Amino acid sequence: MAFQPVTTKSTMLEPEGKKKGKDKKKNIEQQLITIEEERTYREGTVAIRDLIAPSAFKVESNFIQLGDVFLRTIYVISYPRYISVGWSSPVLNLNVTFDVGMFFYPIKAPIILKQLKKKVGTLEAQISADAEKGAPRDPIRETALRDIEGLRDDLTQGTEHFFQFAFYVTIYAKEKEELDKLSEDVENLFGSKLIYSKSVFFQSEQGFTSTLPLAIDEIMVAFNMNSSPIAASFPFISSELTSDDGILYGINRHNNSLVLFDRFSLQNANMVVFATSGAGKSYAVKLEILRSMMMGTEVIIIDPEMEYVHLSEAVGGTYVNISLASESKVNPFDLPRPVGGQVSTEDIIRSAVITLKGLVRIMFGSLTPQEDSIVDRALLETYAKKDITPSSDLSTVESPIMQDFLDVLEGMEGAENLTIKLQKYTTGTFSGLFNSPTNVNMNNQLVVFSVRDLEDELRPMAIYTLINYVWNIVRSERKKRLLVIDEAWWLMTHEDSAKFIYALVKRCRKYYLGVTTITQDVNDFLRSPYGQAIVTNSAVQLLLRQSPASIDMIKKTFMLTEGEKYLLLESAVGEGIFFAGNKHAAIKVVASYTEDQIITSDPKQLMEIEKAKKEFESQMMDEGGQEG
């Protein structure tokens, strides 16, 4: 009989926990096998890092050698009181290989305010102690106190925030000598901005790591900054002013690109140019005129100092000298010819009367309400005397002159005082200015009106009349034109002429006209409410070197940063800031040799050109005589 073992239920079934443990162990073993298989597979493949990794990595005290390439990290440790927007551009625009690392560490305002409060107390105590001792004041301490107080206000109001800012540059070179030279160049570029920098020493590897795209700062050399200079440090500034159309205004000092722009592509084609005497404003405007003429634009210039005569001769322009004894005359009573019936004759006559009343106020100084009413009625009758009424055809009428206006006034009751004042402009000393029909030829691409030979008393009214005459021409025929008004502050001295220029600047866009307003007396111009409005209605603005007396008003008007303010104070001739719409950039006006010979305003250079011209003419005469 065979023996059969007896199996109980407890021995037939394994515990559930033991079974799970075996399954888990099996899974782990399977995963280990899979990982080992992947590792074995990867050993036989080539990854991207294998291709780009250097063959050697040698760390020295102040540089690293990566294979055949040498590199060194430079870090900034100190900044000046003010830094301009794009101060890092000279370094970032170097044609060399480099990496840049920038780290921003926000600091809570209460912490900084507490420290600034202590610093203010220390400075005030030192200044008070110096005052009690009778010691001379310390400008450095006073400046620091003002800066800290201003920063405290901004931090408290939330308009500024506080950071610790670190800026590192790692440069690459193929030779050790080249690396040393590049390091010196970069430090010199920083030094030219009064920014103090150093090369790493026994931190070469940490410097290299800090400029890799790993967001790891292993050098930890930061400088306390508020948000305004932090924003100025942003490397990717949008300062390009290059377009497909337009003319060359100069070189972009941020990145050496070309400033190419078409004024007529903006919301209006108006431009203002502000600069101190000798900063190159006329030079820049003449260069723009010359290049605009090459693009087919007609140009009309009001020249108070006879600066554009050489330019006019060079391009075959019409130069009109307006003076008491000049044969060239402009009649202030001229009317524009209506264009296609868009404007009624009655509106044209009323507009002319309003403009002439402005001229009379400049001539007489002021008018009482009674005199204003008499002048208004007399001007309407003066036009009516020449059969110029709302039903007239303006293309066939003959405009009145100042004598006709005087004749009407003499027959009006209460106009005796006005008649006496007006006789000076009809039969008196100033009779040669406004008392003749217009005989100026405007059929030229360039027309220059010179008022240099007029007395200062007559200049505002002469410029006013000339601009009104130009405005009539512009309204009569639409063409692409520029009107350049040099030394426009003359017109800002009288409310009527300032108001007229403002109205012209506002309306000229509809007639394809761009007005260029130039002035060196910035304060006089901007103190006028119309001067401020002219700036607002000018899409293009060029600021060259400014005087310390006017820089604060310029900064306020154009909302400049402190760095831009000091840029304008320290700019060389022909350097400044160019605004076009919402963009602006530092600019340097450049001209070719031929252009320079045509547009220069340098008296010494002009004398040399005139001397060369006379020698050439004399030589030609001698050759002509020999041939004869």
Residue ID - surrounded by the most Cβ atoms within 10 Å (Cβ to Cβ), chosen from residues in the stretch 223-265 that are farther than 22 Å from residue 585 by Cβ and touching a Phe, Trp or Tyr at 6+ places or on another chain (Cβ under 6 Å): 225
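Given the criterion of a type outside the set (Ser, Thr, Tyr) and crowded, with 20+ Cβ neighbours inside 10 Å, identify the matching residue among 306, 294, 271, 220. Talk me through it step by step, then tell me what you get.
On the way: 306 fails: crowded, with 20+ Cβ neighbours inside 10 Å; 294 fails: crowded, with 20+ Cβ neighbours inside 10 Å; 220 fails: crowded, with 20+ Cβ neighbours inside 10 Å.
Matching residue, one of 306, 294, 271, 220: 271.
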Against the conditions (1) outside any helix (DSSP H, G or I); (2) of a type in the set (A, V, I, L, M, F, W, C); (3) at pLDDT 85 or above, where does residue 264 fall short? Just the number, please. (1)
Among the residues listed as 378, 352, the single one being crowded, with 17+ Cβ neighbours inside 10 Å, modelled with pLDDT of 90 or more and under 25 Å from residue 457 (Cβ atoms): 378
Please list, ordered by residue number, the helices (runs of 4 or more DSSP H) wholly in the stretch 399-478 having 3 or more residues that are assigned by TED's automatic domain parsing to the domain that holds residue 363 and modelled with pLDDT under 85. 431-434
Of the residues 571, 528, which single one is over 12 Å from the mean Cα position of the chain (by Cα) and under 17 Å from residue 492 (Cβ atoms)? 528
Check residue 324 against each of (1) outside any loop (DSSP other than H, G, I, E, B); (2) within 43 Å of the chain's Cα centre (by Cα); (3) surrounded by fewer than 18 Cβ atoms within 10 Å (Cβ to Cβ) and name the one condition it does not meet. (1)
Unique match (being assigned to a helix (DSSP H, G or I) and either under 30 Å from residue 228 (Cβ atoms) or not polar (S, T, N, Q) (or both)) among 81, 42: 42
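Being assigned to a loop (DSSP other than H, G, I, E, B), within 21 Å of residue 444 (Cα to Cα) and of a type in the set (Asp, Glu) is the filter here; which residues of the stretch 270-317 pass it? Walk me through it before giving the result.
So the first thing to find is which residues in the stretch 270-317 are assigned to a loop (DSSP other than H, G, I, E, B), and the list is 270, 275-280, 295-297, 304-308, 316-317.
After this cut, where a residue has to be within 21 Å of residue 444 (Cα to Cα) as well, the list is 295-297, 304, 306-308, 316-317.
Once the filter is applied, which keeps residues that are assigned to a loop (DSSP other than H, G, I, E, B), within 21 Å of residue 444 (Cα to Cα) and of a type in the set (Asp, Glu), the stretch 270-317 yields only 307.
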Can you pull out the residues in the stretch 496-520 that are of a type in the set (Ser, Thr, Tyr), in a helix (DSSP H, G or I) and either in contact with a strand residue (DSSP E or B) (Cβ under 9 Å, 6 or more places away or on another chain) or in contact (Cβ under 8 Å) with a residue 40 or more places away in the chain (or both)? 497, 511
Identity of the residue in the stretch 483-510, of a type in the set (D, E, K, R) and under 24 Å from residue 292 (Cβ atoms), that ends up modelled with the lowest pLDDT: 487
Taking the residues in the stretch 479-495 that are in contact with a strand residue (DSSP E or B) (Cβ under 7 Å, 6 or more places away or on another chain) and outside any loop (DSSP other than H, G, I, E, B) as candidates, determine which candidate is farthest from residue 314 (Cα to Cα). 489
Looking at residue 64 and the list (1) at pLDDT below 90; (2) surrounded by 13 or more Cβ atoms within 10 Å (Cβ to Cβ); (3) not aromatic (Phe, Trp, Tyr), which single condition is not satisfied? (1)
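The values are calculated or read from the model by the stated rules, or taken from the named source; none is laboratory data. Since we're looking at a predicted model, the values are computed, not measured. Methodologically, a virtual Cβ is constructed for each residue, glycine included, from the backbone with ideal geometry; neighbour enumeration extends over all protein chains shown.
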